[in-house]
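The values are calculated or read from the model by the stated rules, or taken from the named source; none is laboratory data. Note that the structure is predicted; figures quoted are calculated from it, not measured. Positions of Cβ are generated from backbone atoms using ideal geometry, with glycine treated the same way; all protein chains shown enter the neighbour counts.
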């Protein structure tokens, strides 16, 4: 599977007169995890949601600048947003499985996008659950409600659901913040596996998590990217005093 990268150029996101993200330019490489860190309200989640046009759903929100995947600027008015969100999947802070069976949670997306063959759907469900390290735990209860799964299992199910429509990029907005330490560890292991096939962008408040799972880290403050570099350099030898103050706990 060939993973695709993503590039944002001079991206500004405003809610009314307030600019939550200010002229941010970042490149995200294929087969790599990039962590977005910074204090609450710094713009990192707003920026993340811009990468697959989720901010379109927010009233009074305007976005300027460019976001490129392959040779397409996704902010172009001609962009098919449904198709875009197939290419760029999203995993939210809290697990949000559909009120359906485990099987139907995974099959829903491929079926929506035109896959009707039962054998093919079965294959997609199994492959997606295997990639999300959830197959062995669910293979004997695929037709049970997804809501009966634990919180950590539900989050892995949501990741499997995202994988099922064969995206190029996976966005994760604090995917482990609502989970216990054991489930968090499983999610982090899963991210390390998935980066072999996908470009992954993750927002996290957990400095240790960012250091463990990512190759690149961008530090956001007041809607701007203060520093962007290799993760080990950000955490051991930051170039900006604001970055050092944040990662050492002086604010945030």
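Taking residues in the stretch 124-140 that are at positive phi, and partners anywhere that are surrounded by fewer than 16 Cβ atoms within 10 Å (Cβ to Cβ) and part of a helix (DSSP H, G or I), the pairs with Cβ atoms closer than 9 Å and at least 6 places apart or on different chains are 133/189; 133/193. For the residues 124, 88, 106, the requirement of being within 21 Å of residue 5 (Cα to Cα) and buried (at least 18 other Cβ atoms within 10 Å of the Cβ) singles out 88.
Among the residues here, residue 188 qualifies as within 21 Å of residue 45 (Cα to Cα), in a helix (DSSP H, G or I) and touching a residue at least 12 places away in the same chain (Cβ under 8 Å).
Among 129, 147, which is the only one that is surrounded by 15 or more Cβ atoms within 10 Å (Cβ to Cβ) and not in a loop (DSSP other than H, G, I, E, B)? Spell out how you get there, then give the answer.
Values: 147 fails: surrounded by 15 or more Cβ atoms within 10 Å (Cβ to Cβ).
None of the others qualify; the one that does is 129.
For the stretch 57-80, which residues satisfy the criterion of being at pLDDT below 95 and under 17 Å from the mean Cα position of the chain (by Cα)? Once the filter is applied, which keeps residues that are at pLDDT below 95 and under 17 Å from the mean Cα position of the chain (by Cα), the stretch 57-80 yields only 69. Condition check for residue 215 on (1) crowded, with 17+ Cβ neighbours inside 10 Å; (2) in contact (Cβ under 8 Å) with a residue 40 or more places away in the chain; (3) under 19 Å from the mean Cα position of the chain (by Cα); (4) closer than 21 Å to residue 36 by Cα: one failure, at (1).
Any chance you could count how many residues in the stretch 59-80 are free of Cβ contacts under 8 Å to residues at least 60 places away in the same chain and either surrounded by 13 or more Cβ atoms within 10 Å (Cβ to Cβ) or under 17 Å from residue 9 (Cα atoms) (or both)? Talk me through it step by step, then tell me what you get.
Our first condition is that a residue be free of Cβ contacts under 8 Å to residues at least 60 places away in the same chain; within the stretch 59-80, this holds for 59-66, 71-80.
Filter once more, keeping what is either surrounded by 13 or more Cβ atoms within 10 Å (Cβ to Cβ) or under 17 Å from residue 9 (Cα atoms) (or both): 61-66, 71-77, 79.
Result for the stretch 59-80: 14.
Considered as a group, the residues in the stretch 73-94 that are in contact with a helix residue (DSSP H, G or I) (Cβ under 8 Å, 6 or more places away or on another chain) and part of a strand (DSSP E or B) include one that is nearest to residue 154 (Cα to Cα), and that residue is 91.
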